[in-house]
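Nothing in this text is a laboratory measurement; each read-out follows from the coordinates by a stated rule. Keep in mind that this is a model prediction, so the values were computed, not measured. With ideal geometry, Cβ positions are generated from the backbone for all residues, glycine too; neighbour counts draw on all protein chains shown.
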Amino acid sequence: MYQVKTYNAIAQAGLNTFTKDYALNQSDQPDAYLIRSVNLHQETLPKSLKVIARAGAGVNNVPLEAATANGTAVFNTPGSNANAVKELVIALLVIASRNLMAAASYSAEHTEADVSQRTEHDKTKFNGTELLGKTLAVIGLGHVGSLVANAALSLGMNVIGYDPYLSADAAWNIAKQVQRAASIKDAVKDADYVTVHVPKNEDTLHLISTTELNAMQPGVNLFNYSRIGIVDNAAAVTALNAGHVAHYYTDFGEPQLANRQDVTVTPHIGGSTIEAEVNGATQAAKTIMTYLETGNVKAAINLPDLNVPFNAAYRFTVIHENVPNMVSQITSKLATANLNIATMANAAKDKTAYTIIDVDDLDHQSSQQLIDALNAIPAVTRVRLLSHN
Ligand SMILES: NC(=O)C1=CN([C@@H]2O[C@H](COP(=O)(O)OP(=O)(O)OC[C@H]3O[C@@H](n4cnc5c(N)ncnc54)[C@H](O)[C@@H]3O)[C@@H](O)[C@H]2O)C=CC1
Ligand SMILES: O=C(O)C(=O)COP(=O)(O)O
């Protein structure tokens, strides 16, 4: 039985994906975590933990170095909630252009006596503009940004994108009318609306700060549905106070943003639709099962891709540092145990490497000795022995 520990509200339909070989929240020695936004940075990851699956996109809440050192694979569920974020950002573009928040609050305050005055006479206070023909800058054109860019095009907007690290797969999803900017400043200089869809990491902290805000034209509307800290909120408040930024919409509250007419904070609901939650939880559960049962890896955050059909009787998987002489050390331990290798594959990503070795015969008595010997190789962080049930 595999043990899975869940954090946050995980959609039941996703949890139902687990087969009868999986128990949920029954052990303090879990094989897997299935999480959303819980902050794991202060947690000590148990040695039993082989995999963390984040239902959703951002993994800034996961201590990636500690996970890698623990031999714990980390996955997210790319794209599972991208449509939810896209729809929210498009809604906010419409809200921004029509001054909808202020208009609705104004009408909500009406009394029977002044309803006619408020609905007809005062409507001139809430004239809006149209999105048609306006310019949207999209910073980050991955799963979310590409959908936002394409949807904005279909509303008749001019769309300028900036993403220096765009993957080939992501590029295929972007309509050719999206103009490509060479820098953030170029992307935002003519924009009426600027939206940011990048992961949070040390390179994107304060990606939008004073310099970038000053490069925008007065009256710009700014959207941060990525993460707190990607927009420098202190710089944003200065730009709002100066009237340079007209309105700031974000999914991430902070005291300095509170009680301002020119800031709209939503409570981190970008991915909070029934559909996105089911998609993410289902994808995460499948990822956990594939990794625990086969050791195969596709699109992990901290391990290389390695996909070997599991046809042999037994499989060793070894996570180790990406340093010379590892494969020969590993195979020499198998040779010492008199094991014949049926299939073997190895791949590396950054500082980490991963080796899969399939064998047909294994003497159970000596298998633990072999696992111990492999674990004793200094740069090895995790050894697993898998077999078909
Ligand atoms: N508010 C919410 O509930 C949600 C927030 N998010 C946030 O949005 C982020 C983006 O999500 P996805 O589009 O699904 O991720 P993704 O990984 O598909 O796309 C991110 C894109 O940002 C680009 N990028 C990275 N650094 C950049 C930089 N310095 N400048 C410009 N582009 C850069 C990458 O090349 C990639 O194309 C997530 O990492 C997460 O933090 C995602 C989903 C829901
Ligand atoms: O997927 C993401 O990165 C999100 O921000 C969504 O977070 P959540 O799963 O709603 O806590």
Counting residues in the range 82-265 as N, plug N into 2.2 N^0.38 Å and put the Cα Rg over that result.
-> 1.07
The range 82-265: relative contact order in percent, alpha carbon pairs under 8 Å with at least 6 residues between | 17
Are there trypsin sites (Lys or Arg not before Pro) in the range 282-349 that DSSP puts in a loop and that have at most 14 other Cβ atoms within 10 Å, and which ones?
-> K298
Note the angle between two axes, namely the Cα long axis of helix 274-294 and the longest principal axis of the Cα atoms of the chain, as a number of degrees from 0 to 90, rounded to the nearest 10.
-> 20
If the limit is 23 Å between Cα atoms, which of K134/K176; K5/K351; K5/K333; K125/K189; K200/K349 go over it?
-> K5/K351; K5/K333; K125/K189
To the nearest 10 degrees, how steeply does helix 143-154 sit against the main Cα axis of the chain, on a 0 to 90 scale?
-> 30
The summed charge of the L136 Cβ neighbourhood (under 11 Å; Lys/Arg +1, Asp/Glu -1) stands at -1
Taking only C-alpha positions in the chain, Rg and Dmax in angstrom work out to 25.5, 92
Wrap a convex hull around the Cα atoms of the range 273-346, take a quarter of its surface area, and give that in square nanometres.
-> 6.1
Please state the relative contact order of the chain as a whole percent: Cα pairs under 8 Å, 6+ residues apart?
-> 15
Loop only per DSSP, at most 14 neighbouring Cβ atoms within 10 Å: give me the trypsin sites (Lys or Arg not before Pro) in the range 176-213, ordered by residue number.
-> K176
Under the definition of Cα pairs under 8 Å and six or more residues apart, what whole-number percent is the relative contact order of the range 304-389?
-> 44
In degrees rounded to 10, the 0-90 angle between helix 82-97 Cα long axis and the longest Cα principal axis of the chain is 10
Stretched fully, the stretch from L132 through I341 gains (0.36 nm per residue minus C-alpha distance, one decimal, in nm) 68.9 nm
